1. For residues that are out of contact with any helix residue (DSSP H, G or I) (no Cβ under 7 Å at 6 or more places or on another chain), open to solvent by 10 Å² or more (accessible area, probe 1.4 Å), assigned to a strand (DSSP E or B) and not acidic (Asp, Glu), tally how many sit in the stretch 158-169.
2. Restricting the first residue to the stretch 73-85 and requiring it to be over 17 Å from SER55 (Cβ atoms), which pairs with a second residue that is open to solvent by 60 Å² or more (accessible area, probe 1.4 Å) and not basic (Lys, Arg) meet a Cβ separation below 6 Å and a spacing of at least six or different chains?
3. Quickly run through the stretch 5-18 and pick out the residues that are surrounded by 13 or more Cβ atoms within 10 Å (Cβ to Cβ) and either at pLDDT below 90 or farther than 18 Å from ASN104 by Cα (or both).
4. Residue check: is ILE302 at pLDDT below 85 and aliphatic (A, V, I, L, M)?
5. List, please: which pairs have Cβ atoms under 6 Å, are six or more places apart or on different chains, and start with a residue in the stretch 12-29 that is farther than 20 Å from ARG126 by Cβ and end with one that is part of a helix (DSSP H, G or I) and basic (Lys, Arg)?
6. Got a number for residues in the stretch 197-245 being without any contact (Cβ under 8 Å) to a residue 60 or more places away in the chain, assigned to a loop (DSSP other than H, G, I, E, B), touching a helix residue (DSSP H, G or I) at 6+ places or on another chain (Cβ under 8 Å) and polar (S, T, N, Q)?
7. Step by step: first the residues of the stretch 21-73, then only those that are among the acidic types (Asp, Glu) and open to solvent by less than 50 Å² (accessible area, probe 1.4 Å), then the one that is farthest from VAL86 (Cα to Cα). Which residue is that?
8. Can you tell me how many residues in the stretch 175-191 are part of a helix (DSSP H, G or I) and either open to solvent by 60 Å² or more (accessible area, probe 1.4 Å) or touching a Gly at 6+ places or on another chain (Cβ under 9 Å) (or both)?
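The values are calculated or read from the model by the stated rules, or taken from the named source; none is laboratory data. Everything quoted here is computed from the prediction, not taken from an experiment. When we count neighbours, we look across all protein chains shown, and the Cβ atoms used for this are built from the backbone with ideal geometry, even at glycine. These accessible areas exclude ligands, DNA and RNA; they are computed on the full protein's heavy atoms, side chains included. Shrake-Rupley method; radii C 1.70, N 1.55, O 1.52, S 1.80 Å.
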Amino acid sequence: MILLQSHSRYLLQILTNRLQNIEKGVELDCHWVEFDDVRYHIQASIKSPNLLHLSVSLPTPPPETDFSSGLPLGAIEAIKAAYGAVVHILDPPRDGFNLTVKLNLAKLPPLEEIRHALVVKIASVREVVMGAPLRVILKRVASRSVPSNAGMLVPLVHRPNESFFLVPQVEKATVVFPMRFNDSIDTVLATSFLQEFVEARRTAGLNNAPTCLWSASPPDELKDAPEQALHANAGFVSFVISPRHVEGKKLDKTVWSLSTFHAYVNYHVKCSEGFMHTRMRRRVESLIQALDRAKPDESANISKSYKRLSIEESRGNSHS
């Protein structure tokens, strides 16, 4: 299965091209949108080629989530910790965006390897911002400390007007995803996919993976969730995250995988649907070819037993 990359490929391409052609000082003004309705806008002027303004618009949060000043809890601290002096947060952000930062490319590290790693991290601003509250809780799981909000339901936004839920506990955290799809075919495929997902977890080679459960009805962890969050036509998926899943470098990967789980499922549902459409088209084409081969050859079916004779020919034959 294909995992989605944490960085924006288009943003990474823009930053890399800018660094390679910094002496040209080309003016830049680009807008684009990525999955789950995350919008980007980046600008640069000819006068200051090392300075870029990057704005990011996040999915519209549902009422139950906590957005402080238009950003998830802990996002400001996460940006400062990830980027240091390279990034300066502008307050207020530009109209229509949740976050606007000023990038100073002149402050990037001189070593090529470290510079590239930081540029990739800048292109992963979506992960840094939207995964901030999840990262804070999972760090406590990794340190095996007792969370102050143990047992409390924490809603986190991941799609427009939709949230998933986290329940911090001692040395573990339970993550619950209400799975919703607009298309009826997508709902059927997703339900089947998620049930197989749970079954695959039980194989011997995945013993170290997080425990995964699926249910058609809301699990007990969502007993305090708002009513509108309990409507899920593809059921509910739960993961139990333990310290071994978030140790060291595993933390960032786990945060990204959980933050984009719905997009991951949706991607594979669409791929499955496209694969089935392709198989059906090939099957139809093979049936058409079989029908074409079964058609009788008209040139070979001309009867040689009977021949219409003219009046003169019939008289000649009668006299002979």
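1. Step one: list which residues in the stretch 158-169 are out of contact with any helix residue (DSSP H, G or I) (no Cβ under 7 Å at 6 or more places or on another chain), which gives 161-162, 164, 169.
Now narrow it down to the ones that are open to solvent by 10 Å² or more (accessible area, probe 1.4 Å): 161-162, 169.
So of that shortlist, the ones also assigned to a strand (DSSP E or B) come out as 162, 169.
Okay, now just the ones that are also not acidic (Asp, Glu), so 169.
Counting residues in the stretch 158-169 that are out of contact with any helix residue (DSSP H, G or I) (no Cβ under 7 Å at 6 or more places or on another chain), open to solvent by 10 Å² or more (accessible area, probe 1.4 Å), assigned to a strand (DSSP E or B) and not acidic (Asp, Glu) gives 1.
2. Cβ pairs passing all conditions: LEU73/ASP66; GLY74/VAL136.
3. Answer for the stretch 5-18, where residues must be surrounded by 13 or more Cβ atoms within 10 Å (Cβ to Cβ) and either at pLDDT below 90 or farther than 18 Å from ASN104 by Cα (or both): GLN5, SER6, HIS7, SER8, TYR10.
4. yes
5. none
6. Selection size over the stretch 197-245: 2.
7. Within the stretch 21-73, the first condition is being among the acidic types (Asp, Glu), and the residues that meet it are 23, 27, 29, 34, 36-37, 64, 66.
Then drop every residue that is not open to solvent by less than 50 Å² (accessible area, probe 1.4 Å), which leaves 34, 36, 64.
Values: GLU34: 24, ASP36: 27, GLU64: 34 Å.
Top of the filtered list is GLU64.
8. Step one: of the stretch 175-191, the residues part of a helix (DSSP H, G or I) are 184-191.
Now restrict to residues that are either open to solvent by 60 Å² or more (accessible area, probe 1.4 Å) or touching a Gly at 6+ places or on another chain (Cβ under 9 Å) (or both): 184-185, 188, 190-191.
Within the stretch 175-191, residues that are part of a helix (DSSP H, G or I) and either open to solvent by 60 Å² or more (accessible area, probe 1.4 Å) or touching a Gly at 6+ places or on another chain (Cβ under 9 Å) (or both) number 5.
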